[in-house]
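To keep things clear, I will list the structure first and then write my remarks on it.
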Amino acid sequence: MAAFCAMRIELENLEGGKSDFAHVYQPEELNPVDERVQLTEPAAVTGKVRLSGNEVFVNGHVETRAQVECDRCLKTVELPVSADFALEYITGAEYEANSGAAELTEAEMSVSVFDGEVIDVDEVVKEQILLAVPTRMLCREDCKGICPECGTDLNAGECKCVKDDIDPRWAALKNLT
Ligand SMILES: [Zn+2]
Ligand SMILES: [Zn+2]
């Protein structure tokens, strides 16, 4: 089906209700992580799955490098990604039974609902990478961005448009004298 072997943990195959997992994803297996984030190096993930009643606990660590566009100049910025995660899953049936009864606590709100059979590690890894990448990304703190008129990278120098914007006013003043 899929071109790459996806990593999924089937809970009915968990020996003794728990298991360790480790996998190295090639960048092309996960790219694009989303429309702004791409991996530039393989992503190594390690973790543990533990089944407890109707709940599943997934703990792990993912490490890779990603590239993101600068919000202002669109230049590619590369950054290391290193994230620990601790997730909790419950089945949809369990979730509905609980949410009807009492108000959900803060901790329960962060619980993910799943089908009760499979944990999709690919999705977990993608999500964790996105959470680890800052939502606002600048190539440098004082990035000047690009000119909206001509697309010139203003970090490299000013373009003509900036001056043209100012010129008409000076030109008008000149005409008055
Ligand atoms: Zn920039
Ligand atoms: Zn310009």
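The values are calculated or read from the model by the stated rules, or taken from the named source; none is laboratory data. Keep in mind that this is a model prediction, so the values were computed, not measured. A quick note on method: Cβ atoms are made from the backbone with ideal geometry, for glycine too, and the neighbour counts reach across all protein chains shown. These area figures cover heavy atoms from the full protein model, side chains too; ligands, DNA and RNA do not enter into them. Shrake-Rupley method; radii C 1.70, N 1.55, O 1.52, S 1.80 Å.
Checking the conditions here, which among Glu103, Glu141 is assigned to a loop (DSSP other than H, G, I, E, B), farther than 16 Å from Ala66 by Cβ and at pLDDT below 90? Don't jump to the end; show me each part of the working.
Details: Glu141 fails: at pLDDT below 90.
Just a single option satisfies the conditions, and that option is Glu103.
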If you go through the stretch 7-19 one residue at a time, do you hit one that is of a type in the set (Ser, Thr, Tyr) and modelled with pLDDT of 90 or more? yes
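Looking at this structure, is Glu94 under 20 Å from Gly116 (Cβ atoms) and out of contact with any strand residue (DSSP E or B) (no Cβ under 7 Å at 6 or more places or on another chain)? Don't jump to the end; show me each part of the working.
Values: under 20 Å from Gly116 (Cβ atoms): yes; out of contact with any strand residue (DSSP E or B) (no Cβ under 7 Å at 6 or more places or on another chain): yes.
It is true that Glu94 is under 20 Å from Gly116 (Cβ atoms) and out of contact with any strand residue (DSSP E or B) (no Cβ under 7 Å at 6 or more places or on another chain).
A quick yes/no check of all residues on (1) within 16 Å of ligand 2 (Cβ to nearest atom); (2) of a type outside the set (S, T, N, Q); (3) closer than 21 Å to Pro32 by Cβ; (4) at pLDDT below 70:
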site	(1), (2), (3), (4)
Lys75	no, yes, yes, no
Gly92	no, yes, no, no
Glu117	no, yes, no, no
Gly145	yes, yes, no, no
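So that you can scan it fast, the table gives a plain yes or no per residue for (1) within 16 Å of ligand 2 (Cβ to nearest atom); (2) assigned by TED's automatic domain parsing to the domain that holds Asp71; (3) modelled with pLDDT under 90:
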residue: Ala97; (1), (2), (3): no, yes, yes
residue: Ala107; (1), (2), (3): no, yes, yes
residue: Val111; (1), (2), (3): no, yes, yes
residue: Cys150; (1), (2), (3): yes, no, no
residue: Cys161; (1), (2), (3): yes, no, yes
residue: Asn175; (1), (2), (3): no, no, yes
Report, by residue number, each residue of the stretch 127-138 that is open to solvent by less than 50 Å² (accessible area, probe 1.4 Å) and either more than 12 Å from ligand 1 (Cβ to nearest atom) or part of a helix (DSSP H, G or I) (or both). Gln128, Ile129, Ala132, Val133
